Amino acid sequence: MPDDSAHPAAAARPQALAAGRPAKPLSGRVAVPGDKSISHRALMLGGLAVGRTEISGLLEGEDVLATAAALRAMGADIVRETDGRWIVHGVGLGGLAEPADVIDLGNSGTAARLLLGILATHPFTSFVTGDASLRSRPMGRVITPLSQFGAHFLSREGGRLPLAVTGAANPVPQTYRLPVPSAQVKSAVLLAGLNTPGETTLIEPQATRDHTERMLGHFGATIRVEPDAGGARHITIEGYPELTAAPIAVPGDPSSAAFPLVAALIVPGSDVTITGVGLNPTRAGLIASLKEMGADIALENQCIEGGEPVADLHVRAGMLKGADIPPERAPSMIDEYPVLAVAASHASGRTIMRGLAELRVKESDRLTAIATGLAACGVRVDVAGDDLIVEGTGKPPAGGARIATQLDHRIAMAFLVFGLGAKQPVAIDDARPIATSFPDFVPLMNRLGAQFTKEG
Ligand code: S3P
């Protein structure tokens, strides 16, 4: 029997979980939780606006709850009304107060980098930390541009958390060209520019997710996006806008939808619909890639909700073939490579995923975690420079391994999905990190017919 009681977030100790081939094809209609990126931004901009921001569909994962707690600690009034429905009474731009204690952002890189952007132009001192994964991730990529506004940082070696930041009392507007394609760095600079006089411009050579720009416009900020002759986007924010509270409807997270989506593709005979999934073009690279691999994915009931394109994804299982995924697509599917690699392992032929340097600085070194995990499951896999190469045989891969999830929710979910299509079950050593982004992953997958079982 599927184990619906296996709710990883509730466990105090590591929660091992295993996935094997289900007795029947996966089937049914499910809705995935709210988009993580949009949920963080809705709380942050709501916290900086004047008035009452009503949010529906907020992701209630640990990462987003860490953002809510941090904003509360700085004076914002944030209340959960019912499931996914939250009310924020903002303090007004520049109105945040010095937090009395260390801000602990848990596992969340987005919370850390975006909040550092806000803190960089609020003239008080904050201390920021996170879990072992977040404390190992590079913050220098935001410390460099935010210091130019006049903020002062004191961090561990290599720009790691914990760090102290003292925001600039007289911030200086910046023009900054992104050295890495990162929406987190872009957003940190734009959010710092909000409480800075004059215009701050962020130059983005490769488009990354644009939720910050969209939501700033939605809250009444003046923001311009101008392409240059070389194809880069120049994003300019005018300082000191009147940010006005505005309702936000958070669409389903395409990065969470990716897991039941690939599961439905690799379990023979499956027919699954995932409803209300956000399909912002800066996030839709996985669907394009899977379609190139021959996936049967139909977009139904397409509409615009809360300024974002949304659709139901109707997915039917079928044999996939290998594909060559170009590096310029990486920013639009950066969180989806673990599960794309799972799809590639069940496909026929070679899949090359190019230009994945950024995967090395995610919640874990995902390039290594994917390659080691797939090899342990009997897949022929290679890392060549920043490219990942997976050889599919067109037959179910062996499986039968136990995967170390290393505080990485997407590695955990990807390898559980792998197990659904493998010859032998696959176990993960700890399912608890899943609660950072997809608290109901296990019961939702079990409702579709997956059979995840607790171990130990
Ligand atoms: C995010 C941006 C991405 C992504 C992360 C969420 C965001 O990180 O990996 O899960 O909400 O801006 P980078 O911008 O650092 O690539």
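The values are calculated or read from the model by the stated rules, or taken from the named source; none is laboratory data. Just so it is clear, the model here is predicted, and its values are computed rather than measured. Ideal geometry is used to build each Cβ from the backbone, glycine not excepted, and the neighbour counts take in all protein chains shown. Just the protein is used for accessible areas: all its heavy atoms, side chains included, with ligands, DNA and RNA removed. Shrake-Rupley method; radii C 1.70, N 1.55, O 1.52, S 1.80 Å.
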Residue by residue through region 299-316, which ³J(HN,Hα) values in whole Hz follow from phi under the Karplus form 6.51 cos²θ - 1.76 cosθ + 1.60 (θ = phi - 60°), with glycine and proline marked x? 8, 10, 6, 5, 7, 10, 10, x, x, 10, x, 9, 8, 8, 9, 9, 10, 10
A convex hull over the alpha carbons of the chain yields, per residue, a volume in Å³ of 127 Å³
Counting Lys +1, Arg +1, Asp -1, Glu -1, what net charge surrounds Asp365 among other residues with beta carbon under 13 Å of its beta carbon? +1
Quickly estimate the mean residue ellipticity at 222 nm for the chain, helices only: each DSSP H run with n ≥ 4 gives -39500 (n - 2.57), and the total goes over all residues, rounded to 500. -8500 deg cm²/dmol
Residue-normalised accessible area of the chain, given per residue in Å² at a 1.4 Å probe: 35 Å²
Considering only protein heavy atoms, with the full assembly of protein chains and a 1.4 angstrom probe, order Arg432, Arg329 by accessible area, largest first. Arg432, Arg329
Set of lysines with alpha-carbon distance to Lys24 below 29 Å, sequence-local pairs under 8 removed: Lys291, Lys321, Lys395, Lys423, Lys454
Accessible carbon and sulfur surface of region 36-248 relative to its total accessible area, %, 1.4 Å: 52 percent
Counting sequence-distant residues (5 or more places) and residues on other chains, those with an amide H built under 5 Å from that of Asp296 are Arg316
So for Arg209, Arg85, what's the accessible-area order with a 1.4 Å probe, most first? Arg85, Arg209
What shape does region 36-248 take by its C-alpha gyration tensor, where a ≥ b ≥ c are the square roots of the eigenvalues and a/c under 1.5 counts as rounded, a/b above b/c as prolate, and the rest as oblate? rounded
Please report how far the C-alpha centroid of region 255-271 lies from that of region 199-236, rounded to the nearest whole angstrom. 34 Å
Scalar couplings 3J(HN,Hα) for region 216-228 by Karplus 6.51 cos²θ - 1.76 cosθ + 1.60 (θ = phi - 60°), nearest whole Hz, x for Gly and Pro, are 4, x, 4, 8, x, 6, 9, 9, 10, 10, 10, x, 9
Using θ = phi - 60° and the Karplus curve 6.51 cos²θ - 1.76 cosθ + 1.60, what whole-Hz ³J(HN,Hα) does each residue of region 17-26 get, with Gly and Pro shown as x? 9, 10, 10, x, 5, x, 5, 10, x, 6
